[in-house]
1. Taking just the C-alpha trace of the range 199-311, give me its Rg and Dmax in Å.
2. Distance in nm between label sites at Ser41 and Glu373, each 7 Å beyond Cα in the beta-carbon direction?
3. Length gain on complete extension for the stretch Ile292 to Asp52, per 0.36 nm per residue less the alpha carbon to alpha carbon distance?
4. Mind checking the angle between helix 224-241 and the chain's longest principal axis? C-alpha axes, 0 to 90 degrees, to the nearest 10.
5. Is the shape of the range 122-194 best called rounded, prolate or oblate, per the rule: a/c under 1.5 gives rounded, else a/b larger than b/c gives prolate, else oblate, with a ≥ b ≥ c the square roots of the Cα gyration tensor eigenvalues?
6. Run the Debye formula on the Cα coordinates of the range 251-395, all scatterers equal and no solvent, and tell me log10 I(q)/I(0) at q = 0.16, 0.21 1/Å.
7. If a/c stays under 1.5 just call it rounded; otherwise compare a/b with b/c (prolate if a/b is bigger, oblate if not). Do that for the range 269-347, with a ≥ b ≥ c from the square roots of the Cα gyration tensor eigenvalues.
8. Net charge near Ile404: determine it from the other residues with C-beta under 14 Å of the C-beta of Ile404, scoring Lys and Arg +1 and Asp and Glu -1.
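The values are calculated or read from the model by the stated rules, or taken from the named source; none is laboratory data. All values reported here derive from a predicted model rather than from experimental measurement. Cβ placement follows ideal geometry from the backbone for every residue including glycine, while neighbour counts extend to all protein chains displayed. Calculation scope for accessible area: heavy atoms of the full protein, side chains included, ligands and nucleic acids excluded. Shrake-Rupley method; radii C 1.70, N 1.55, O 1.52, S 1.80 Å.
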Amino acid sequence: MKPLLIIASLLVLALLPAQETVQPADIVFKNGNVYTATDTSPDAEAIAVKADRIIFVGTNAAAQQYVGANTRVVDLKGKTVLPGFTDSHQHLSGVGFREMTLNLEGTTSLADFLAKVKARVAQAKPGEWVTGRGWIETHWKPPVFPTRWDLDKVAPNNPVILGRADGHGAVANSAALKAAGIDKNTANPFGGEISKDKQTGEPNGMLLDNAQGLVRRHVPPTTPADAERAVVLGVKRNIELGWTQIQDAGGSYADVEIFKKLYAAGTIKLRIYKAVHGPGPSATRLLKEGAIVGAYGNRFTFRTIKVVSDGALGSRGAALLAPYSDAADTSGFLTVKAEDLRPMLQEALRKGIQVETHAIGDLANRFVLDEYEAAFNAVPEGEREVEVPRWRIEHAQIVNPDDIPRFAKLGVIPSMQPSHAIGDLFFAPSRVGINRLAGSYAWASFIKSGIVVPAGSDAPVERGEPMI
Ligand SMILES: [Zn+2]
């Protein structure tokens, strides 16, 4: 592949007509293979930039009029230029922490998984927690979750908790379960499940969705220095992959403070569009203090609340309208209560705050559409800070076909991840059955219905490559 030159500030790609008095540009790029992403003139050779704006895209000859005495001219020598990529859904510090803790991406079998854990445990101090993430059993033979007993063989003394790649499940060993006081009598928390052995009723180590918190709260907290390092590493990794903006789907005000500090010091330059989790203290504070838009040279915008309404399909936590096709005893579960959501949604409309809600299953998608619609009706346009709120559903993965047109009708954006469709290809047919696939990963149906579908990577749940 030819080297790619990515122009970060490619915000406007309109072809400007030649004007009577043309201002000289700061920089003119010539002799490029410029991909404009516009249907009317898909290709161009040259770009002129003044301050932080592109002021011209077109032919080399027409670009010449922007070259003044002080204009820097860059010869691209035929290299390809693409618009800056925005990842519309990822978790920035998670991307950084993946570099700092045990990275189990690409684990090919249970034996491979256990070998990696064993090597890591060998480096840990006695009793020290070992954490990591990124394993996924889909391609293991057989494709079954690891258990506490598997982990105990390689980690008898250190408490271990290792997140599945999707973040909606984790496996803990016996030492970790013991530290958390989890045994066969421990009840499932709301929105979570302590997976149990079918014969003995003993917890088998798998913790789904909110049940992970029972163990994770015993892991010594990361220090502020760790959190800052994770952001710096996450930004570095994103820039290496070619992203010029990322939308950080969740987190807290602690992240916001770190971003502000790093931007002010000039340590990070990547554009970040930030959300915090809600309902809860961070969302309440955002509603009170209001949005931040275009700070630090148009790099930082913070005006979104992230809600999580169900789990993931792989771990059968996604909330479905009917039971799973491969597990008749469960339909998944919602992870947020309507009564907690409603006042927050209405206040968000009044204050001009965007809401984005994780919804994977068809029940969760319908629930969120219903709640959004009720909020839109309760707070009419005249009472909103931003008339068109551009609220989103993250993932919009398994959607009842009846609900697909509701997105365009309500102006709700389905924010989807191509890499999930690729990863889920192997188990989605068994989880939901062939009939329900009609409204699953329904990119074309959404686009035909008249709504724009932004794409994201969901890193570190997935690798985070823009080319995917
Ligand atoms: Zn996500």
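1. 16.8, 60
2. The two pseudo-label positions are separated by 4.4 nm.
3. Working: separation 240, 0.36 × 240 = 86.40 nm, distance 1.95 nm.
Once the chain is fully extended between Ile292 and Asp52, it gains 84.5 nm.
4. 60
5. On the way: a/c = 1.66, a/b = 1.06, b/c = 1.57.
Cα axes put the range 122-194 in the oblate bin.
6. One equal scatterer on each Cα of the range 251-395 leads to -0.87, -1.20.
7. Values: a/c = 4.69, a/b = 1.99, b/c = 2.36.
The shape class here is oblate.
8. On the way: positive: Arg366, Arg406, Lys409, Arg436, Lys448; negative: Asp362, Asp402, Asp403.
Computed value for this residue: +2.
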